[in-house]
Amino acid sequence: MAHTVLPRLRKAQVLDSDVVTNEQGHPTGLDCRIVPMHRAQQAGDRRHPLALSRQELAVLLRLCEVLFGPGWTPKGKDPVPAGMLAGRTGRGASTDRLGLLLMVLSTGQRGWLQLCPGTVDTGRGRPAATVARLLGCTPEAGSKVLGRLREHGVVEVVRRETASRLHQTSRVRLVPVAEAHGHGPVLGAPKGGAERATSVVSDLAGTALGDLEADQQASAHGGTGKSDGDDGFSAGAADLAGSAQHHTGHASVADEVVEVAADGGFSGEGRLGSGDRPERAGAREDDPAARQEVPRLTLVVGAGRPLRGEQLRDSAVDELDRQPGRTGASGSQRGDGSEAGEVCQGRVPRPPRDLQDVLAPVELLWTRLSHPGARSKVAAAVRAELEVVAGQAGPEYAGGVLARRLARRLADQGGPGEVRDVVGWLMRRGLPRRPDCTDVRCDEGLRLDGGGPCETCEYRVADRRALRRRVEADVDAGMPDAPPAVRRAAVDERLREAVARETEQVRVRHARAAVERAARQAAIAQVRAEAKAAEQARRAVPCAGCGASDAAGLCTACATWRSAEAEIREAVLTAAAGQAEVDNLGDVERVVVQAESALRREVEEASARVRADGATPDEVASLARLIAETAVFTCRRSALALLAHGEVAAAEADLAFAARMRGAHRYRTRGDAERAADEAAEQARERTARYLLSERLSVLRTRWRPAGASVTHGPLRPA
């Protein structure tokens with residue numbers, strides 16, 4: 001925990017801890033803080049998944065204790081027993097605990113785990129695929145986790161035989177959940193179920209009934225939503241692919257609504273205009289009870305039926321859908337799923353997964369987009385508008401805001417049947433924001449960030465109503481005996497005059513603002529022109545060192561030589577600080593002259609060599625500065641070495657050694673204590689040397705000034 005878990009949590013910025021001390025300053029514990037949960041609670045958004053209350057956290061902790069807590073005995077309280085997986089250790093133990101917790105959270109009161117829908121790995125089975133999706137691993141790993149949990153007796157995988165001795169779908173039962181709610185073993189379980197349960201994990205997924213039911217409800221983890229209201233299974237379905245229903249169940253993405261079959265209720269459905277006998281499509285899709293509840297698709301048969309090659313007329317379903325009062329899941333009027341008077345040919349793919357919730361209110365319009373290019377264009381427009389809305393409402397709420405906007409616009413339009421050009425309507429009327437004021441968060445009088453009414457729009461409406469009330473009061477005061485029609489005409493006339501005056505004032509204000517803006521822009525342009533002229537004049541100044549034109553006062557070579565001069569002065573002062581007595585100016589001058597002469601001689605010799613090789617003045621100056629910088633480093637190292645062996649540094653080292661040896665009892669042996677003391681003495685010696693060098697350089701820069709005769713070689717100049 002100390003060397004692996006806690007450092008990784010702190011590095012990932014998940015855990016933050018402070019040391020708790022007592023009155024004497026001794027540590028007594030750690031105050032740990034879960035950073036994401038703390039931030040969620042500080043934000044005050046109760047919809048955040050981590051913004052849990054103390055009661056919710058207590059329930060979650062109690063659940064973890066019952067499942068896999070180690071068990072302990074608190075002071076003054078009853079002992080907490082160990083959890084069901086407390087004895088599970090070794091490889092994969094943490095994975096088993098996490099899998100059990102996720103399975104319990106995905107289980108109903110009767111203990112049945114909600115299995116995942118759709119096509120799964122046929123070699124592992126649906127229970128293993130469900131566990132794999134909960135853990136985010138492969139079906140093989142999910143099968144191993146499920147097997148280990150079954151060995152510990154916390155999970156049961158149950159299958160039931162039918163009258164034909166065939167198997168139904170496999171179901172997973174969480175034993176502790178069922179027992180906690182007072183439900184005993186599975187009624188009617190087959191004999192020898194424990195022996196046959198070992199092969200459940202490898203059942204064929206294609207024969208699982210959970211993949212074939214048409215009324216599945218997806219859970220939060222993608223489960224099938226298999227009802228817990230029944231502990232048993234359907235006795236009429238067998239666990240063979242040949243006896244399974246024709247089509248797999250699809251995960252629900254919207255509220256279930258009883259619709260006619262023309263809207264595309266199931267896969268493989270026959271549609272108008274496709275196939276030789278569309279009236280027979282779906283004859284074997286549902287059982288008789290379902291056929292009685294849901295109306296089937298039929299064509300208008302009678303004297304007016306068109307012949308082949310003639311234009312098709314609207315079906316009875318189309319006429320029924322266009323009647324007032326027939327609404328879809330979004331609350332808007334339902335259309336026929338095609339252009340006006342046109343029958344949709346074939347199936348249209350559903351919206352992309354990331355846009356299904358957003359486009360749910362206009363799903364009937366999406367079905368009319370038969371061309372892939374149109375669908376791609378609409379999807380790109382929706383994603384672009386989602387980014388815009390996310391900038392105002394936040395990424396987690398952008399989808400809901402845009403979905404409500406589409407539903408509202410479609411209801412205002414009159415339903416899908418009133419939309420002629422689907423792409424044009426979505427791009428120009430359905431998706432764009434319609435602000436009623438200057439606020440960027442306003443959309444038709446509603447706020448994008450909070451969903452409430454726009455305050456700016458309310459202020460505008462309130463101002464208009466106040467203006468009308470004032471005008472009405474003035475008219476009533478001036479014309480008390482006039483008829484209502486005359487007073488109403490007078491009110492309208494004065495309102496027009498007031499609006500005209502307000503419009504004129506706005507125009508004058510805008511004109512004044514335009515003049516002020518032009519004046520500001522002219523002033524800014526003048527300032528920029530003056531700055532540009534000053535910069536050009538500065539650049540035109542010749543070099544003060546060599547007289548080169550357009551050098552801005554100093555060319556590159558002369559500037560580099562000046563830097564080299566400064567480094568040479570720093571090098572000789574560092575040498576004097578390490579070798580001379582700072583209080584003796586004669587000794588300081590001697591060391592400075594000697595060090596400066598040697599350094600300038602080295603610079604001149606190196607410069608002469610590179611000039612003979614054809615180097616440019618800039619290259620010669622750069623070489624001189626490099627030599628001077630190297631000399632500063634060398635002199636500093638030498639000065640530190642000299643000061644470290646001085647009396648002051650030695651005394652500090654002795655004191656540090658003695659202080660460390662006074663705590664020799666803390667070490668295992670005296671040799672270890674002496675080594676630690678030697679290390680402390682060396683550190684004290686180095687610190688003292690650095691401090692002495694800094695103090696000496698400060699004194700030399702303040703007090704010492706070189707005499708005129710001391711600079712024997714004069715300042716360096718480029719050749």
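Laboratory data are not the source of any read-out in this text; all were calculated from the coordinates shown. Predicted model, so just to flag it, every value in this text is computed and none were measured. Cβ placement follows ideal geometry from the backbone for every residue including glycine, while neighbour counts extend to all protein chains displayed.
Among 657, 633, 68, the ranking by other beta carbons within 10 Å of each residue's beta carbon, starting with the fewest, stands as 633, 657, 68. Annotation: the residues 546, 558, sorted from fewest to most other C-beta atoms within 10 Å of their own C-beta, follow the order 546, 558. Taken as Cα centroids, segment 113-153 and segment 601-666 sit 68 Å apart, rounded to the nearest whole angstrom. Residues whose amide H lies under 5 Å from that of residue 541, counting only those 5 or more places away or on a different chain, are 551, 552, 553; hydrogens are built 1.01 Å from N in the peptide plane. Remark: spin-label model distance residue 356-residue 474 equals 6.1 nm, labels positioned 7 Å along the Cα→Cβ axis. Could you tell me which residue out of 432, 459, 505 lies farthest along the dipole of segment 367-509 toward its positive end? Charges go on the beta carbon: Lys and Arg +1, Asp and Glu -1, centred on the Cα centre. So the residue furthest toward the plus end is 432.
In sequence order, segment 16-29 has phi-based couplings of 10, 9, 10, 7, 9, 10, 8, 5, 7, x, 7, x, 10, x Hz under the Karplus curve 6.51 cos²θ - 1.76 cosθ + 1.60, θ = phi - 60°, and Gly or Pro positions carry x. Under 5 Å from the amide H of residue 15 lie the amide H atoms of 10, 35, each residue being 5 or more positions distant or on a separate chain, with H modelled from the backbone and absent for Pro and chain starts.
Expected output is a single nm value to one decimal: the length gained when fully extending between residue 618 and residue 495, i.e. 0.36 nm times separation in residues minus the C-alpha distance. What is it? Don't skip to the end; give the middle numbers.
Working: separation 123, 0.36 × 123 = 44.28 nm, distance 7.96 nm.
The residue 618-residue 495 span can extend by a further 36.3 nm.
The modelled label-to-label distance between residue 512 and residue 602, using points 7 Å beyond Cα along the C-beta direction, is 7.4 nm. One chain, two ends: residue 48 and residue 10. Fully extended at 0.36 nm per residue, the span grows by 11.4 nm beyond their Cα-Cα distance. Modelled label positions at residue 590 and residue 75, each set 7 Å beyond Cα in the direction of Cβ, lie 7.5 nm from each other. Residues 568, 34, 627, arranged from fewest to most other Cβ atoms within 10 angstrom of their Cβ, appear as 34, 627, 568.
What FRET efficiency do you get for residue 679 and residue 95 if R0 is 45 Å and r is their Cβ-Cβ distance, rounded to the nearest 0.05? That pair, residue 679 with residue 95, gives E of 0.45. Projecting the Cα positions of 664, 612, 593 onto the charge dipole of segment 556-710 (unit charges on Cβ atoms of Lys, Arg, Asp and Glu, taken about the Cα centre) puts 664 furthest along the positive direction. Residues of segment 488-514 falling in the label zone of residue 438, defined by backbone nitrogen less than 20 Å from a point 7 Å along Cα to beta-carbon, are 499-514. Between residue 634 and residue 534, what FRET efficiency comes out of the Förster formula 1/(1 + (r/R0)^6) with R0 = 45 Å and r the beta carbon distance, rounded to 0.05? Rounded to the nearest 0.05, the efficiency is 0.55.
P(r) tail, segment 459-542: Cα-Cα pairs separated by more than 17 Å, 68% of all pairs.
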